[in-house]
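Engineer: One structure coming up, written as structure tokens, with questions to follow.
The values are calculated or read from the model by the stated rules, or taken from the named source; none is laboratory data. Being a predicted model, the structure only gives us computed values, none of them experimental. Cβ sites come from the backbone with ideal geometry, for glycine too, and all protein chains shown count toward neighbours.
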């Protein structure tokens, strides 16, 4: 608790001291100081009496009387609210589940598409290699008779394969 | 070490929670509500409905609205049950929520008033202090006011206080809260509560003394002008 409450701070007005005294919010020293002044100061006493009297007048205010119906309707309201919250949570959960399903399907489709692209790219690379090697494959039997690579390179330098290369390029 | 500091802080709030659990039976009921007990919630409603409506009725002036707000407060209590940790007496926690709900309601109604047609300031509404004074003093200024008249006069005097003075006064009078508890409930310092209650009770004295002594009509506007809080 804040310590400055219990002692009467120098800037406290007389009313603050007296009200805190009536509310039993002063420590023993501060309360004793108020009581000493009360014993000697009739105006101070009068102010205390007036404050106490008007405070007692508040007892005239009626306290709210509440029927059993209020508690019942309050509990019903809370039950309805809890049910609405549960329904909202359920629909939120369903929405998330739906999103998860759609996301899974979309991810599967995407994965399939990427796979297709990869396979296609890989297959076309193999085909390109085959196309490039086609002249060799076509002449495999002739090359076998040549005996060595050096002999074939010598024939190439002499222009033996020039016609075939230009034919392939066309 | 920061970790040690963190640990000591968390131990402190744990100890506080245990202290309130041991000392306040309503905290124990609220912990049962947290664990899913509907019966405990109904018991709390039964215990606090009258006290809550009494305070709220003085804050918003209308019984029906006070009941609606009280239900809103209980609804918020229920919704907050899962995260409830006892950090104060249950009544302090409940009236903190009530104070927020009432403040929101007053702000909403103030916004509505801004767009509505302003009433004639010369009119005395049935609940205004001047109106009550006229009715109470009548042709016999020194007559004894009966209970219902006195109740209306006191009510009008309270209504003329500022919202914060009224709230602090009601919590002090009807809930018997200490200055520390009122400060916690209203989010103010203890010294501010001390000043607030002092001004509230001084204003009440100035408003009600003339009735008690001679049935004279006090100056409500004078009291209201002193009533502006500067906290």
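Engineer: More than 9 Å from every other protein chain (Cβ to nearest Cβ), within 17 Å of residue B:194 (Cβ to Cβ) and buried (at least 19 other Cβ atoms within 10 Å of the Cβ): is that true of residue A:20 in this structure?
Structural biologist: no
Engineer: Working carefully through the options B:215, B:138, B:187, find the one that is at positive phi and at pLDDT below 55.
Structural biologist: Being at positive phi and at pLDDT below 55 holds for just one of B:215, B:138, B:187, which is B:138.
Engineer: Then there is this: Could you tell me whether any residue of segment B:87-96 is within 21 Å of residue A:67 (Cβ to Cβ), modelled with pLDDT of 95 or more, within 14 Å of chain A (Cβ to nearest Cβ) and within 14 Å of the chain's Cα centre (by Cα)?
Structural biologist: yes
Engineer: Which residues, taken from segment A:29-52, are within 10 Å of another protein chain (Cβ to nearest Cβ) and within 57 Å of the chain's Cα centre (by Cα)?
Structural biologist: Correct list: A:51, A:52.
Engineer: Within segment A:60-78, which residues are loosely packed, with under 14 Cβ neighbours inside 10 Å and either at pLDDT below 85 or touching a helix residue (DSSP H, G or I) at 6+ places or on another chain (Cβ under 7 Å) (or both)?
Structural biologist: Result: A:62, A:63, A:65, A:67, A:68.
Engineer: Does at least one position in segment A:36-59 carry a residue that is surrounded by 14 or more Cβ atoms within 10 Å (Cβ to Cβ) and outside any helix (DSSP H, G or I)?
Structural biologist: So far as segment A:36-59 goes, no, none of its residues is surrounded by 14 or more Cβ atoms within 10 Å (Cβ to Cβ) and outside any helix (DSSP H, G or I).
Engineer: If you check residue A:26 against the conditions, is it within 53 Å of the chain's Cα centre (by Cα), more than 7 Å from chain B (Cβ to nearest Cβ) and within 25 Å of residue B:181 (Cβ to Cβ)?
Structural biologist: So residue A:26 fits the description; yes.
Engineer: Then there is this: Tally the residues that are part of a helix (DSSP H, G or I) and at the interface with chain B (Cβ under 7 Å from one of its Cβ atoms), restricting the search to segment A:7-17.
Structural biologist: Going through segment A:7-17 one residue at a time, the tally reaches 2.
Engineer: Mind checking whether some residue in segment B:175-185 is closer than 15 Å to residue A:55 by Cα and surrounded by fewer than 18 Cβ atoms within 10 Å (Cβ to Cβ)?
Structural biologist: Yes, segment B:175-185 has at least one match.
Engineer: Write out, first by first residue and then by second, each pair whose Cβ atoms fall under 8 Å of each other, whose residues are 6+ apart or on separate chains, and whose first residue, in segment B:57-69, is in contact (Cβ under 8 Å) with a residue 24 or more places away in the chain while the second is outside any helix (DSSP H, G or I).
Structural biologist: B:58/A:61; B:61/B:127
This table checks each residue for (1) within 30 Å of residue B:209 (Cα to Cα); (2) at pLDDT 70 or above.
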| site | (1), (2) |
| --- | --- |
| B:66 | yes, yes |
| B:70 | no, yes |
| B:78 | no, yes |
| B:126 | yes, no |
| B:133 | yes, no |
| B:157 | yes, yes |
